[in-house]
Every structure is written in C-alpha cells, then in structure tokens.
Amino acid sequence: MEKQKEDVVTIKSSNKKNTNKSVKSNKKIETKNIANKDNKVVVITGVTSGMGNEVTKRLMEKGGYTIIGTCRILLSKSINEMASWNEKYTKSDLHLAIGDLTEMAQVRNLFYNIKIKLQKLGFDRIDILYLNAGQMLQKIDMSSENNELQWASNYLANVLLIELLLPLLRNSKDARIILTTCDKALKTKLNWDIINNPKKYSATALYNQSKLAELMFALEFDYRHLDEKNIRTFVVNPGRVRTNLGLRYTTGFQRFLCNLRNLRACSVEEGIASVMYLIEAPNLPSRVVYYKNMCPKMPSNYALDLCNREELYKSSFRILNLPLESPQDLEE
C-alpha cells in the first residue's frame with residue numbers, strides 16, 4: 001500500500017489575536033505529544049462547532065481522555081480556542097486531524113492520519129468513536145465522486161470510518177460507537193429516489209433520510225457484531241439543538257427560517273446530555289441502540305425491519321466498495 005501523507009494538526013497555545021482566517025491543513029503546530037496510557041481514547045468528528053465542540057470541551061475538563069478531533073477546515077479562532085484547552089486542562093490532551101467527509105478518498109486519508117497519530121501517542125485502540133459531523137445544505141451539490149454532499153458527509157462517511165477504524169475499536173475492552181438521528185427520521189422511510197434524483201432534492205427531506213440511514217445502519221451493525229461483546233453501537237436523538245446546522249451557504253428567507261427554528265431549540269449544553277451519558281456510563285443495558293433524553297427508546301418499525309436494514313447495509317457497502325465479508329481486513 002502506498003504510504004499516505006500525514007495530515008494531522010496538533011495544537012499549541014498562542015497569544016495572538018483571534019482571526020477568522022483559515023489554516024492550511026498541512027500546517028504543523030506543536031503540542032504535548034506524551035499521553036497518559038490510562039486515558040480513554042476518543043475520536044470525535046466535527047469538533048470546531050456545535051455538539052462536537054461542546055463534548056470535546058467537556059471531556060477535556062473532566063480529564064482522563066486523549067482526543068483526536070476531526071474537522072473539514074481550521075480557523076485560527078478554533079486553533080486558539082482548543083489550544084487554550086490543552087493548556088488549561090492538563091489531564092486530557094487534544095489533537096486535530098483534517099478531512100473533508102464529503103469525499104470518500106479524504107475519509108480514507110483521515111483514517112490513516114488518525115491511525116498514525118495514535119501510533120505516535122502510543123495507542124493501538126479507540127474506546128469512543130463519536131460521529132458527530134453533519135450538515136444540511138439548501139442547494140444540491142455533488143462531490144467529485146458523484147455523491148450528494150449531505151448524504152456523503154452525514155451517512156456514507158460514517159459507515160466508511162466505522163469499517164476502517166474497526167480493528168482499533170476491537171482492541172478496546174469497551175468500545176462505543178455513537179451516531180446521531182432526529183425525530184423526523186423515525187417518521188419516514190428510505191426513498192432512494194430522493195437520495196439519487198437531483199430534481200427531487202429537498203434539504204430537510206434528505207437530511208432526515210441520512211439520519212434514518214444512520215439509525216438503520218447502527219441497528220444492523222450491532223446485529224452483525226453480536227458476538228463481539230466489547231463493541232457497542234448507539235444512536236442518540238438530541239432533539240433540536242441550537243447550532244449552525246442548515247446555515248452554511250444559506251441566505252435570505254431560508255436563513256431566517258433556520259434562525260427561527262433555533263429559537264425553539266435547546267442549548268448545545270442540553271443537547272449533549274445523552275452523548276455524555278453514553279460515553280461515561282459504566283453499565284448500559286445490553287444491546288440497546290437508540291437513546292433519547294438519556295433513556296433507551298424503541299426505533300420505528302421501519303428501521304427495525306431486517307430486510308430494510310440489510311438492503312441499506314449492502315447498498316452502502318457497494319457504493320463504498322467495501323467487502324461485506326471480513327471487514328477487519330480493510331486496512332491491509
């Protein structure tokens with residue numbers, strides 16, 4: 001296999017004034033590179049804003065975590081904020097990796113970067129994989145790989161990361177994979193015409209499709225890995241949370257509607273309660289996948305249907321060119 005270029009950013013505290021200039025992903029910034037080997041190893045996608053940012057900060061405050069946070073781009077403002085966490089919260093350490101989750105080639109590179117970073121820190125495992133990153137785009141846009149961007153980042157990238165990182169998860173005594181869904185996802189059914197047909201594009205409808213797919217994939221993944229007692233899969237429904245979701249590239253009336261909906265949303269601090277519970281709780285009910293308000297909930301009948309789940313699972317693997325057998329061999 002051709003050696004992959006490392007694209008990891010580690011962060012160092014800085015007294016420079018915050019700006020909003022983006023930082024190139026190949027820029028190196030020094031930080032502490034010695035981690036406590038007793039720390040829990042956590043990988044979080046989408047750490048520069050919203051729930052991913054708040055969960056990262058909360059874990060840094062608590063101590064006992066080595067965190068690899070991923071993001072699409074870095075702003076110097078984000079670097080300064082997170083560098084201050086490394087300086088202030090000395091019992092945890094935070095490292096950043098860059099990757100665009102709309103491009104599966106970049107997702108694969110992100111996997112290599114995470115693996116390399118963990119090796120340098122002396123870890124061969126991941127204890128928590130929190131797949132938080134997601135977006136809602138008001139206009140349809142396609143990746144260079146011909147995947148719709150929202151479907152790619154919200155769903156396909158998560159499937160690919162789970163499968164690629166599975167060997168590291170297997171090395172943990174208590175690995176937990178955490179994805180997200182939403183209320184409306186439980187009231188819909190998968191419609192491949194919406195997913196594949198640009199003429200029927202609807203930002204909200206496709207977002208709900210991607211969140212339903214996450215729930216169904218998690219249920220199927222958990223079912224297929226019943227014999228691996230050390231790996232648990234969870235899907236959190238945080239409700240509507242006051243974040244920047246839907247505001248990217250949004251102007252005019254659509255932006256007004258997004259901001260209006262946020263007025264009725266809960267705070268980010270309230271939204272992460274179930275995520276923090278699933279990260280920290282020592283004993284959780286066996287093989288319960290779906291959670292809301294820190295309580296187990298029943299998914300929709302459609303999501304539970306074995307045929308529906310299997311069809312999605314196999315379709316996803318075909319799109320991603322993944323083998324259905326022996327996923328542990330993906331990195332070889």
> When residues of region 178-205 are filtered for being of a type in the set (A, V, I, L, M) and modelled with pLDDT under 90, how many remain?
Replying inline: 4
>> Please verify whether K57 is surrounded by fewer than 22 Cβ atoms within 10 Å (Cβ to Cβ), out of contact with any strand residue (DSSP E or B) (no Cβ under 6 Å at 6 or more places or on another chain) and at pLDDT 90 or above, treating the condition exactly as stated.
In response: yes
> Under the condition of being modelled with pLDDT under 95, among the hydrophobic types (A, V, I, L, M, F, W, C) and touching a helix residue (DSSP H, G or I) at 6+ places or on another chain (Cβ under 6 Å), which residue from region 95-142 is surrounded by the fewest Cβ atoms within 10 Å (Cβ to Cβ)?
Replying inline: I140
>> Within region 295-318, take every residue that is within 21 Å of I162 (Cβ to Cβ) and among the small types (G, A, S) and give me the one that is nearest to the chain's Cα centre (by Cα).
In response: S316
> Restricting the search to region 100-154, which residues are of a type in the set (A, V, I, L, M), touching a strand residue (DSSP E or B) at 6+ places or on another chain (Cβ under 8 Å) and assigned to a loop (DSSP other than H, G, I, E, B)?
Replying inline: L101, I126, L131, A133, I140
> Of all residues in region 153-169, how many are of a type in the set (V, I, T) and in contact with a Ser or Thr (Cβ under 8 Å, 6 or more places away or on another chain)?
Replying inline: 1
> Of F217, F221, which residue is closer than 18 Å to P299 by Cα, among the aromatic types (F, W, Y) and touching a strand residue (DSSP E or B) at 6+ places or on another chain (Cβ under 7 Å)?
Replying inline: F221
>> I'd like to check which helices (runs of 4 or more DSSP H) are fully inside region 236-303 and have at least 2 residues that are small (G, A, S), under 23 Å from G46 (Cβ atoms) and at pLDDT 60 or above.
In response: 273-280
> Do we find that V159 is within 24 Å of R224 (Cα to Cα), buried (at least 21 other Cβ atoms within 10 Å of the Cβ) and without any contact (Cβ under 8 Å) to a residue 60 or more places away in the chain in this structure?
Replying inline: no
> Among the residues of region 155-173 satisfying the criterion of being outside any helix (DSSP H, G or I) and touching a Lys or Arg at 6+ places or on another chain (Cβ under 6 Å), which is farthest from T48 (Cα to Cα)?
Replying inline: N171
> For region 266-286, which residues satisfy the criterion of being surrounded by 12 or more Cβ atoms within 10 Å (Cβ to Cβ) and either in contact with a helix residue (DSSP H, G or I) (Cβ under 7 Å, 6 or more places away or on another chain) or closer than 23 Å to F217 by Cβ (or both)?
Replying inline: V268, E269, G271, I272, S274, V275, M276, Y277, L278, I279, L284
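Yes or no, residue by residue, for (1) modelled with pLDDT of 50 or more; (2) buried (at least 21 other Cβ atoms within 10 Å of the Cβ):
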site: N26; (1), (2): no, no
site: A35; (1), (2): yes, no
site: V43; (1), (2): yes, yes
site: I73; (1), (2): yes, no
site: S78; (1), (2): yes, yes
site: M82; (1), (2): yes, yes
>> Every residue in region 95-112 that is in contact (Cβ under 8 Å) with a residue 24 or more places away in the chain and farther than 20 Å from A175 by Cβ, please.
In response: L96, I98, G99, D100, L101, T102, E103, M104, A105, R108, N109
> Can you name every residue in region 166-189 that is surrounded by 18 or more Cβ atoms within 10 Å (Cβ to Cβ) and farther than 30 Å from K115 by Cα?
Replying inline: C182, A185, L186
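The values are calculated or read from the model by the stated rules, or taken from the named source; none is laboratory data. Keep in mind that what you see is a predicted model, and the values were worked out from it rather than measured. Backbone-built Cβ (ideal geometry, glycine too); neighbour counts: all protein chains shown.
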